[in-house]
Every structure is written in structure tokens, then in C-alpha cells.
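Visitor: Pasting a structure here, questions to come.
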Amino acid sequence: MTEQPPTEQPPTRIAPAVGGGDRKHRWDAIGVVIASLVGLLALLVSGYTAYIQRQQVRAQVWPHLTRGYVQPPGSGDAEYKLVIFNKGVGPAIVRNVQVLVEGKPQTTWKQVFGALGLATEKLGYSSLDGNVLSAGESLPILIFKDAPALSKFRRAFVRHAKMRICYCSTLGECWMFADREPRGASDVRPMAECPKSSSTNTFIN
């Protein structure tokens, strides 16, 4: 009896799992999306933190100028003053000062008093333009010989004159202190930058 050679069986083919490659691709895509979201969230948190820090620094260097009259009690050698106060928490860098009488710019206190019809004898003053007032500092810009002289100036100034002071913080943010209607009132408003004035309308005292 003749033996038959064994019949060769074709190699068994293993079919790939249906959808396996697609699932791996989907997980890779999800991982990319998650990583992108995490990066975006970190960027937003970083931006918000920087914004909060900026606001805190702004609050720490915020200046605020206002004007007032000082009339000490008693008599004798006491000084009567027109004073600029910095009631903010940071230094105020004075960039520009204007004093107008009936809408016309004046450059010195002598001109202001002349336009108001007031005498200037025994009058002292300090320069405000270009000055820097620290937080809590006050600067007497006019010193009068007595209370009547101060009262005359105050009445005339309220009726006929206006003052504008543009100042900035150490961060470069600027504000304008300005007299407005009604007479005697004033306000402070933010400015993009202090206006540049010519020598003919800038108050130099």
C-alpha cells in the first residue's frame, strides 16, 4: 500500500479586530484635544493672574490731587494758604498746569492777580508745574499775609478763574483735576495722556 504524502494546509489567516485602528485613532485625537484644553486653561489662568497683579500695582501707586484752603485759627504770624493735596496712595507727577481768568490763560500768579484786580504785595508762592507730590504730601502754592487777603482771592477766583492740573502715576496713567460748573466745584477724570501746552498758556509758577 502506497503512503500518500501529507497534504499541506494553507496558512491560517488571522483577521484584524474590526474597528481596532479606528479606536486608537480616536483616543489619540481625544488626547490632543484634552492637551489643547489644558494648555488654553493654563494660558487663561496666567492672563487673569497678570491682570489681578496689574490691578493691585495700580491701586498701590494711585495718586489723587485736590485743592483746599488753609486758614489757621488765631492771629499773629500764622500763614493762610491755597494748598494742593495728594490724597492718593502713590506719588503724583505733575505734567501740566493751567490757570485761566475769564477763559484766558495766565502764566504767573502776578498775571492772575492783575487779571482779578487784586494786589500782590506780601504774596508767597511755590511752583507746582513739574513737581512730584508724594502720597499724603501737601504743597502750599499760594501764601497770603492774612485772612482778608485769602478771602478776597477766594471769592474772585471762584467767580472768574479756573485751574487745571494734569498729573500722572509712576505707571504712566494720567488724570486731570479741573474746576467746573457750578462755580467752586471740581472733579478729577482719567486722561489718555496729559495735553502738551505752549509756553503762552502753561502756568509756570
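Visitor: Placing +1 at every Lys and Arg Cβ and -1 at every Asp and Glu Cβ, with all other atoms neutral, what dipole size does region 65-191 have around its Cα centre, in debye to the nearest 20? Walk me through the intermediate numbers first.
Guide: Numbers: 17 positive and 11 negative charges, 76 e Å.
Here region 65-191 has a charge dipole of around 360 debye.
Visitor: Say each of Ile34 and Val89 gets a label point 7 Å from the Cα, pointing the same way as Cα to Cβ; how far apart are those two points in nm?
Guide: Roughly 4.3 nm, to one decimal.
Visitor: Mind checking the full-extension length gain between Leu118 and Val70? Use 0.36 nm per residue of separation minus the Cα-Cα distance, one decimal, nm. Walk me through the intermediate numbers first.
Guide: On the way: separation 48, 0.36 × 48 = 17.28 nm, distance 1.95 nm.
Between Leu118 and Val70, full extension yields an extra 15.3 nm.
Visitor: Regarding region 65-191, what's the average projected area of the Cα-atom convex hull, expressed in nm²?
Guide: Approximately 7.8 nm², given one-decimal rounding.
Visitor: Still on this structure: Expressed in nm to one decimal, what extension gain is obtained for the pair Tyr125 and Ala178 from 0.36 nm per residue of sequence separation less their Cα-Cα distance? Provide the component values of the computation, followed by the final result.
Guide: Details: separation 53, 0.36 × 53 = 19.08 nm, distance 2.00 nm.
This chain segment gains 17.1 nm when fully extended.
Visitor: Something else about it: Which pairs break 20 Å Cα to Cα here: Lys81/Lys196; Lys81/Lys145; Lys162/Lys196; Lys81/Lys152; Lys104/Lys196?
Guide: Table pairs above 20 Å Cα-Cα are Lys81/Lys196.
Visitor: Which loop-located GluC sites (Glu not before Pro) does region 73-155 contain, where loop means any DSSP state but H, G, I, E or B and the Cβ has at most 12 other Cβ atoms within 10 Å?
Guide: Numbers: sites: Glu79, Glu102, Glu121, Glu137; in loops: Glu79, Glu102, Glu121, Glu137.
Sparse-neighbourhood loop GluC sites (Glu not before Pro): Glu102, Glu121.
Visitor: Here is a follow-up. Applying the Karplus parametrisation 6.51 cos²θ - 1.76 cosθ + 1.60 with θ = phi - 60° to the phi angles of region 104-115, what ³J(HN,Hα) value in whole Hz is obtained for each residue in order, glycine and proline being reported as x?
Guide: 9, x, 10, 10, 9, 5, 4, 5, 4, 5, x, 5
Visitor: Here's another thing I want to ask about it. Going by amide H atoms built from the backbone, whose H comes under 5 Å of the H on Asn96, apart from near neighbours?
Guide: Gly130, Cys166
Visitor: Would you kindly derive the ³J(HN,Hα) couplings of region 152-158 from the backbone phi angles with the Karplus curve 6.51 cos²θ - 1.76 cosθ + 1.60 (θ = phi - 60°), listing them in order in whole Hz, with x for Gly and Pro?
Guide: Running phi through 6.51 cos²θ - 1.76 cosθ + 1.60 with θ = phi - 60° gives 4, 4, 4, 5, 5, 5, 4 Hz.
No value in this document is a laboratory result; all are computed from the given coordinates. Keep in mind it's a predicted model, so treat the numbers as computed, not measured. Don't worry about glycine lacking a Cβ; one is built from the backbone with ideal geometry, like all the others, and counts go over all protein chains shown.
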